[in-house]
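Working notes, beginning with the structure itself.
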Amino acid sequence: MTDSAVIDIRSVTEDDLPGWTRTWGNGYLRPYTDGGVDAIRSTAARDRLIGAFDMDRCVGTYRSTAQELTVPGGAFVPVSAISRVSVAGTHRRRGLLSRMVAMDLRGAFERGEPVAVLDAAQYPLYGRYGFGPATAMAWFEIDVNRARLDPRRTADTSGVLLVDAREYSKAAPAVYERLRAVQPGTLRRDELWWQEATGQRAGSPSGRPEPFFALHLDPVTGEADGLLCFSAEERWGAMLPQSPLWIRDLIAVSPQAEAALIRFAVTTDWVTTVHLPYRAPDSLLPLWLGDPRSARVSALSDYMWLRVLDTPRALSARTYGVEAELVLEVTDAAGYAAGTWLLEGGPDGASCTRTRRAAQLRIDVRDLGSLYLGDDSATRLSVLGGTEELRPGALARADAMFRTGRRPWSPRAVLGPRYQAGAP
Ligand SMILES: CC(C)(COP(=O)(O)OP(=O)(O)OC[C@H]1O[C@@H](n2cnc3c(N)ncnc32)[C@H](O)[C@@H]1OP(=O)(O)O)[C@@H](O)C(=O)NCCC(=O)NCCS
């Protein structure tokens, strides 16, 4: 076996792409296709692709993309969004992941990206690199027969329009942009993303089963203010329909749009169960049903993980619940976010500067990631030891500043055939 020190961690070249794509597919249990290489090639100029190479053989993959994260107050913070992380089964537990993360975080810091984010496939992996869980997700399963929605009340779903992929992909970006402007935790979805998601991109594989698409139109302006993409399966038991319906994407910028789209899905004839994954845990969706208890939470999990790389830039980009100041000592084994910082913030904005004043709160960079979008509380985090109150009252003050009225949410669209398995 090759000594891990001689395994090269480097940027990927055009020639490496087939091997890189195959290694990634092995890691994610996805069969190799030439289309997969083309998809990676089309984004290679924009993204940073890293690989681990044993001689010329690719044994590790890693990608990061320049993204924008909405933070409390509505600012878009430039972030490095990490994905496609894998190490070949033959080369695991030899530090290759750690080396790829180290190379990429250094690059992100040098490029001036104050924050990095990722969806962690496994919980234990990323805390050691300074990431903390920053948004959570709830997976709802609605028992249609208990939802107490009367399918004869068509007023409940007024404004909903079934459309094809083309019409949907035209309306969708503007609706999503309206959500992104106000929803902490969201990332950008550009036009290419929408074309790919709806099979509208030139060269998209044909013959892929198309999901169903619906819009909700604002009754006053006639403009789309909600999007619903779903698939369903025709399933019968002795003359009784038992069809599941899976919501792949649901974006709404008004409560009316959300209520109408959910009620539309739940009152679809033949459907007995509606699966609604990746919603904010404080989603109001159960309350749009006749009986909210018909929406059971079948999974509740951490979702997006976040690592602060530049404390003053990250903390001064968001707003805070109350006008206050707090002196924070941030500990960070890798050094990027470390220091003692004076945070002065409130509902209209904030500043964060290095200070010589005595710290009131000591916080590890992982906990700062969990606090940043307001999803966790300093008081809660202090129980686990990564956050320490150095001056009485500092935990309560941090809670009042960082917490938000509604939880952050990172919407995820579930695309492709994998979703049909229905497992969270
Ligand atoms: C997860 C994966 C990338 C780890 O790669 P790796 O090169 O073996 O990781 P490293 O050797 O650099 O391990 C770094 C640390 O994480 C730990 N670790 C690695 N995989 C782990 C796992 N599955 N569970 C718990 N700890 C793990 C190692 O023990 C090591 O700990 P240490 O620093 O305390 O010694 C690899 O196992 C893989 O490809 N898995 C399948 C795909 C996947 O889950 N990718 C992540 C997508 S977000």
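The values are calculated or read from the model by the stated rules, or taken from the named source; none is laboratory data. Just so it is clear, the structure is predicted and the values come from calculations on it, not from any experiment. Neighbour counts are summed over all protein chains in view; Cβ atoms, including those assigned to glycine, are modelled from backbone coordinates with ideal geometry.
Things worth noting here:
- The requirement of being aromatic (F, W, Y), in the same structural domain as G393 (by TED's automatic domain parsing) and in contact (Cβ under 8 Å) with a residue 24 or more places away in the chain is satisfied by Y320.
- Residue in the stretch 44-66 that is buried (at least 19 other Cβ atoms within 10 Å of the Cβ) and within 30 Å of M401 (Cα to Cα) present: no
Conditions (1) at pLDDT below 95; (2) closer than 22 Å to L245 by Cβ, marked per residue:
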| position | (1), (2) |
| --- | --- |
| L187 | no, no |
| Q195 | yes, no |
| A214 | no, yes |
| D218 | no, no |
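- Matching option when the condition is out of contact with any Leu (no Cβ under 7 Å at 6 or more places or on another chain) and either basic (K, R) or modelled with pLDDT of 95 or more (or both), among R41, R63, R93: R93
- Flag for R146 being modelled with pLDDT of 95 or more, of a type outside the set (G, A, S) and in the same structural domain as L261 (by TED's automatic domain parsing): yes
- Residue among G339, G335, G374, G369 that alone is over 18 Å from the mean Cα position of the chain (by Cα) and surrounded by 15 or more Cβ atoms within 10 Å (Cβ to Cβ): G339
- Criterion violated by L69 - all others in (1) surrounded by 20 or more Cβ atoms within 10 Å (Cβ to Cβ); (2) more than 26 Å from R180 (Cα to Cα); (3) among the hydrophobic types (A, V, I, L, M, F, W, C) satisfied: (2)
- Where strands (runs of 3 or more DSSP E) fall wholly inside the stretch 221-330, the ranges with 3 or more residues that are touching a Gly at 6+ places or on another chain (Cβ under 7 Å), crowded, with 24+ Cβ neighbours inside 10 Å and not polar (S, T, N, Q) are 304-308.
- Subset of the stretch 12-35 that is within 15 Å of R48 (Cβ to Cβ) and surrounded by 12 or more Cβ atoms within 10 Å (Cβ to Cβ) - its residue that is nearest to the ligand (Cβ to nearest atom): W24
- Subset tally (residues that are in a strand (DSSP E or B) and surrounded by 21 or more Cβ atoms within 10 Å (Cβ to Cβ)) for the stretch 353-366: 3
- Selection over the stretch 377-387 of residues that are surrounded by fewer than 18 Cβ atoms within 10 Å (Cβ to Cβ) and not aliphatic (A, V, I, L, M) gives a count of 3.
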